[in-house]
């Protein structure tokens, strides 16, 4: 059963200092941390688990799951064989650095190369809060439409990579990748854009190679 951390109350002041301490601890352990942000239902957990499978034997993955309540996602990660900690924010719409500090204390960082931090599902609140992560990845699904970068510019502007998930259903929903990419490039011209389907495996190899390269650059 995954360890669950229930956050009741903590002052927000000092978040950035705590984030720096988290980064230092991650660096000391040789762990590359990725803050994964997306709307509810975009497929964050599904993609993370599929990615861990793609990277099996190459990078050892761990997961911090952030949700308002419940531990369904952390249980799924553990069932897939990944070290996982669930953070329940108790109503807060994003993770904070002190929450990650608590989660890291419950993880075997020495056995992890790549830590996915699945933030609470929305594209607004997490955008301005540092956790100590090295990279930020934004996921939006084809079913959400092609206007997400236009509506939520900050989170896309700061992304190290952007994933369009559920690519297998793109032909059946009102999604125009050229419009989506046009909005995105106005905000973040050079950001890598991946079109992925965790269900069919489409695009997963390219995504995995990018993550391996980031880990190499980090010294993993």
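Observations on the model:
- Residue within the range 53-61 that is under 20 Å from residue 2 (Cα atoms), buried (at least 21 other Cβ atoms within 10 Å of the Cβ) and out of contact with any helix residue (DSSP H, G or I) (no Cβ under 6 Å at 6 or more places or on another chain) present: no
- Selected residue (criterion: nearest to residue 48 (Cα to Cα)) from residues of the range 166-191 that are in contact with a helix residue (DSSP H, G or I) (Cβ under 6 Å, 6 or more places away or on another chain) and outside any helix (DSSP H, G or I): 166
- Residues being free of Cβ contacts under 8 Å to residues at least 12 places away in the same chain and closer than 26 Å to residue 194 by Cβ are entirely absent from the range 31-50.
- For the range 77-88, residues that are buried (at least 20 other Cβ atoms within 10 Å of the Cβ), modelled with pLDDT under 95 and not in a strand (DSSP E or B) total 1.
Matching residues to (1) touching a strand residue (DSSP E or B) at 6+ places or on another chain (Cβ under 7 Å); (2) over 30 Å from residue 99 (Cβ atoms):
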{"residue": "129", "(1), (2)": "no, no"}
{"residue": "178", "(1), (2)": "no, yes"}
{"residue": "181", "(1), (2)": "yes, yes"}
{"residue": "205", "(1), (2)": "no, yes"}
{"residue": "213", "(1), (2)": "no, no"}
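- Restricted to the range 140-161, and to residues there that are touching a helix residue (DSSP H, G or I) at 6+ places or on another chain (Cβ under 6 Å) and outside any helix (DSSP H, G or I), the residue that is farthest from residue 126 (Cα to Cα) is 146.
- Evaluated against (1) at pLDDT 95 or above; (2) surrounded by fewer than 21 Cβ atoms within 10 Å (Cβ to Cβ); (3) in a loop (DSSP other than H, G, I, E, B), residue 213 falls short on exactly one condition, (3).
The values are calculated or read from the model by the stated rules, or taken from the named source; none is laboratory data. Since the model is a prediction, treat every value here as computed from it, not as a measurement. Neighbour counts are summed over all protein chains in view; Cβ atoms, including those assigned to glycine, are modelled from backbone coordinates with ideal geometry.
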